[in-house]
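J.: Structure below; questions to follow.
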Amino acid sequence: MTSPSIVWLRDDLRLADNPALVAAVERGEPVVVLFLLDDETDGLRPLGGASRWWLHHSLAALAESLQAVGGRLTLRRGPQARELPRLVDEVGAGAVFWNRRYGLAARDADAGLKSSLRERGLDVRSFQANLMFEPWTIQTGQGQPFKVFTPFWRACLDRPEPRHPEAAPDELHVPHATPDSDDLDSWALLPTTPDWSAGLRDAWTPGEASALDTLERFATGHLADYGLRDEPAQEATSHLSPHLRFGEVSPFQVWHRMRGDLAPDAREQASGFLRELVWREFNHTVLFANPHLATKNYRPEFDAFPWHELEPGELEAWQQGTTGIPLVDAGMRELWTTGYMHNRVRMVTASFLVKNLLADWRVGEQWFWDTLVDADEANNPANWQWTAGSGADAAPYFRVFNPVLQADKFDKHRDYVRRWVPEVDTDSYPEPMVDLKASRRAALDAYEAMRRTTRTE
Ligand code: FAD
């Protein structure tokens, strides 16, 4: 009799540097690799459309790479508290291993499953795989989570170097009776009518092989240009964000590639790049301490902020890139077409929505959640709150980005704007939907009104 090990993959759709998979191989019993689609457990945020597209292709790639080493991917759908124990019974599993996740509902679900399966005598273990610095390990001298990034970054640098990545298994053994698996297509993760995914297909190849290739090409190529990372027309950033989001590559692999063999001009940029990578860790630490980051202001004084109800058509103009502000429109169209937007332009488009249109940041966060292929439960709300001024280590509210000056500075030759808004210099391009100066003034007045309310409370 065998007692198979179940490896339950979630945000770690990779074979290399996957400690849960390594533990299963070391246990020596047959291995069942499971992915569960759970749209039912309370508190787990349903994936947006672009993420569902990515997930489909990432799972298809994972199934192929598992097959290449003798393994098999088992797909199941339903609440995890029901489906995981069900599979345990079906295969007679003796162990269940997974890599940790950090959202509250996910942690609660994991803790519940860990104790109930352990009570039944199973070997259940969780591993550190998706963050290099787990939230409870990096704290201030007073044992509190950091609220400011730079001391957090310094504290990370004071820790021992993150561990080296582990190799992918050469060979997996599956049980004699392999469990049934859903057909991936039956999950209908891909859009059909209309199929809006053509631009995503042109821009991306989901999956572990593509993630590793992207990392390698960046390390030996555009990393040297990372100093230009604020210029959206440049190919200066890594484009690793969706691969990291779905765990097709681990931060440990990225970290150690940057510490490895690099050309001298790339080496100069590597630490600036790792600092950005650690923003991802910081945001997860913020999420860990503030589980309702996507719905609640991190700074409660912002509960009194007088956000505006948008007029009919205003939100659509922002979403569709027809605001009449070229850099904003370019960014929103890049997002809609490719599922991605350059970081500088994310800041500008978000600032325009929350400051020039005075919309609640949650409205924009939800749109990005639905349209970004890298939509991440920590990075997305943390960055929206950063832009709105309500977040941890946030941009002060009164610093309002001027999208025209931002374009002059970071898209001097207008290459980025022209790529996405070809009609920008013609009569068919709309007039700006708001006056930038007057709306900036209104934003500052709203901020003052909030401060007066919170002072008198
Ligand atoms: P690179 O510059 O090559 O950076 C490497 C990696 O570091 C990124 O892949 C990412 O994992 C991490 N990183 C870089 N900048 C940040 C940052 N500001 N915050 C956190 N991590 C960072 N990033 C997401 O991964 N998911 C999101 O949902 C997301 N939403 C955002 C919303 C807004 C309003 C803003 C302003 C930023 C958001 N970002 C988000 C952060 C950032 O824009 C992207 O991580 C970055 O543009 C991804 O491109 P890249 O991989 O080429 O970045």
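The values are calculated or read from the model by the stated rules, or taken from the named source; none is laboratory data. Computed from a predicted model, the values in this text were never measured in an experiment. Please note: Cβ atoms are built from the backbone with ideal geometry, for glycine as well, and neighbour counts cover all protein chains shown.
J.: I need the full set of residues from region 258-267 which are away from the ligand (no atom under 12 Å from the Cβ) and part of a helix (DSSP H, G or I), in order please.
T.: Quick first cut of region 258-267, residues away from the ligand (no atom under 12 Å from the Cβ) only: 259-267.
Hits for region 258-267 are Arg259, Pro264, Asp265, Ala266, Arg267.
J.: Follow-up. Give region 390-402 a look and list any residue that's touching a residue at least 60 places away in the same chain (Cβ under 8 Å) and surrounded by fewer than 24 Cβ atoms within 10 Å (Cβ to Cβ), or say none.
T.: As a first pass, look at region 390-402 and keep what is touching a residue at least 60 places away in the same chain (Cβ under 8 Å): 390-394.
Matches in region 390-402: Ser390, Ala392, Asp393, Ala394.
J.: Now for a different question. From the list Glu309, Glu276, which residue is within 13 Å of the ligand (Cβ to nearest atom) and acidic (Asp, Glu)?
T.: Values: Glu309 fails: within 13 Å of the ligand (Cβ to nearest atom).
That would be Glu276, the only listed residue that is within 13 Å of the ligand (Cβ to nearest atom) and acidic (Asp, Glu).
J.: Here's another thing I want to ask about it. Going through region 335-349 one residue at a time, which ones are surrounded by fewer than 24 Cβ atoms within 10 Å (Cβ to Cβ) and out of contact with any Gly (no Cβ under 8 Å at 6 or more places or on another chain)?
T.: Tyr340, Asn343, Arg344, Met347
J.: Would you check if there is a residue in region 436-452 being closer than 30 Å to Pro206 by Cα and in the same structural domain as Ala350 (by TED's automatic domain parsing)?
T.: no
J.: Among Ala211, Ala270, Ala304, Ala236, which is away from the ligand (no atom under 12 Å from the Cβ) and either over 16 Å from Ala378 (Cβ atoms) or aromatic (Phe, Trp, Tyr) (or both)?
T.: Numbers: Ala211 fails: away from the ligand (no atom under 12 Å from the Cβ); Ala270 fails: away from the ligand (no atom under 12 Å from the Cβ); Ala236 fails: away from the ligand (no atom under 12 Å from the Cβ).
Ala304 is the lone residue from the list that is away from the ligand (no atom under 12 Å from the Cβ) and either over 16 Å from Ala378 (Cβ atoms) or aromatic (Phe, Trp, Tyr) (or both).
J.: May I pose another question? For region 298-329, give me the residue count where each residue is touching a Gly at 6+ places or on another chain (Cβ under 8 Å), not in a helix (DSSP H, G or I) and not aromatic (Phe, Trp, Tyr).
T.: Looking only at that region, the number is 2.
J.: Any residue in region 134-161 that's among the hydrophobic types (A, V, I, L, M, F, W, C): show its pairings with residues that are exposed (fewer than 13 other Cβ atoms within 10 Å of the Cβ) at Cβ separation under 9 Å, as long as the two are six or more apart or on different chains.
T.: Ile138/Arg159
J.: Can you confirm whether Thr150 is within 30 Å of Arg259 (Cα to Cα), outside the structural domain of Asn18 (by TED's automatic domain parsing), polar (S, T, N, Q) and surrounded by 13 or more Cβ atoms within 10 Å (Cβ to Cβ)? Quick ask: steps written out before the conclusion?
T.: Values: within 30 Å of Arg259 (Cα to Cα): yes; outside the structural domain of Asn18 (by TED's automatic domain parsing): yes; polar (S, T, N, Q): yes; surrounded by 13 or more Cβ atoms within 10 Å (Cβ to Cβ): no.
No.
J.: Now for a separate question. Looking at Glu365, Glu423, which is the one that is buried (at least 24 other Cβ atoms within 10 Å of the Cβ), out of contact with any Gly (no Cβ under 8 Å at 6 or more places or on another chain) and of a type in the set (Asp, Glu)?
T.: Details: Glu423 fails: buried (at least 24 other Cβ atoms within 10 Å of the Cβ).
Checking each option against the conditions leaves just Glu365.
J.: Between a first residue in region 14-27 that is modelled with pLDDT of 95 or more and a second residue that is crowded, with 19+ Cβ neighbours inside 10 Å and of a type in the set (Phe, Trp, Tyr), which pairs have beta carbons less than 6 Å apart while being 6 or more apart in sequence or on different chains?
T.: Asp17/Phe252; Ala20/Phe97; Ala20/Trp98; Ala23/Phe97; Ala24/Phe97
J.: Report yes if Ala198 is within 30 Å of Ala270 (Cβ to Cβ) and modelled with pLDDT of 95 or more, otherwise no.
T.: no
J.: In region 241-272, which residues are surrounded by 20 or more Cβ atoms within 10 Å (Cβ to Cβ) and within 22 Å of Phe410 (Cα to Cα)?
T.: Hits for region 241-272 are Ala266, Gln269.
J.: Go through Leu353, Leu327, Leu372, Leu315 for me and flag whichever is without any contact (Cβ under 8 Å) to a residue 40 or more places away in the chain and either near the ligand (Cβ under 9 Å from one of its atoms) or over 20 Å from the mean Cα position of the chain (by Cα) (or both). Before the answer, list the steps.
T.: On the way: Leu327 fails: without any contact (Cβ under 8 Å) to a residue 40 or more places away in the chain; Leu372 fails: without any contact (Cβ under 8 Å) to a residue 40 or more places away in the chain; Leu315 fails: without any contact (Cβ under 8 Å) to a residue 40 or more places away in the chain.
Going through Leu353, Leu327, Leu372, Leu315 in turn, just one is without any contact (Cβ under 8 Å) to a residue 40 or more places away in the chain and either near the ligand (Cβ under 9 Å from one of its atoms) or over 20 Å from the mean Cα position of the chain (by Cα) (or both): Leu353.
J.: Confirm whether Val249 is β-branched (Val, Ile, Thr) and either more than 15 Å from the ligand (Cβ to nearest atom) or in a loop (DSSP other than H, G, I, E, B) (or both). Can you show your working first?
T.: Working: β-branched (Val, Ile, Thr): yes; either more than 15 Å from the ligand (Cβ to nearest atom) or in a loop (DSSP other than H, G, I, E, B) (or both): yes.
For Val249, the condition - β-branched (Val, Ile, Thr) and either more than 15 Å from the ligand (Cβ to nearest atom) or in a loop (DSSP other than H, G, I, E, B) (or both) - is met.
J.: Glu365 - would you say it is in contact (Cβ under 8 Å) with a residue 60 or more places away in the chain, closer than 30 Å to Pro145 by Cβ and in the same structural domain as Glu316 (by TED's automatic domain parsing)?
T.: Details: in contact (Cβ under 8 Å) with a residue 60 or more places away in the chain: yes; closer than 30 Å to Pro145 by Cβ: yes; in the same structural domain as Glu316 (by TED's automatic domain parsing): yes.
For Glu365, the condition - in contact (Cβ under 8 Å) with a residue 60 or more places away in the chain, closer than 30 Å to Pro145 by Cβ and in the same structural domain as Glu316 (by TED's automatic domain parsing) - is met.
J.: Which of (1) over 24 Å from Ala63 (Cβ atoms); (2) of a type in the set (S, T, N, Q); (3) modelled with pLDDT of 95 or more is the odd one out, the single condition Thr193 does not satisfy?
T.: Only one criterion is unmet by Thr193, namely (3).
J.: Which ranges mark the helices (runs of 4 or more DSSP H) fully within region 330-414 that have 2 or more residues being β-branched (Val, Ile, Thr)? Steps first, answer last, please.
T.: Values: elements: 343-351, 361-371, 379-388, 403-410.
Here the list reads 343-351, 361-371.
J.: While we're looking at this one, here's another question. Give me the strands (runs of 3 or more DSSP E) completely within region 35-142, filtered to those with at least 2 residues that are over 24 Å from the mean Cα position of the chain (by Cα), ordered by residue number. Spell out the reasoning first.
T.: Values: elements: 73-77, 95-99, 123-127.
Where strands (runs of 3 or more DSSP E) fall fully within region 35-142 and carry at least 2 residues being over 24 Å from the mean Cα position of the chain (by Cα), they are 95-99, 123-127.
J.: Any residue at all in region 333-344 that is among the aliphatic types (A, V, I, L, M), within 13 Å of the ligand (Cβ to nearest atom) and farther than 23 Å from Ala198 by Cβ?
T.: no
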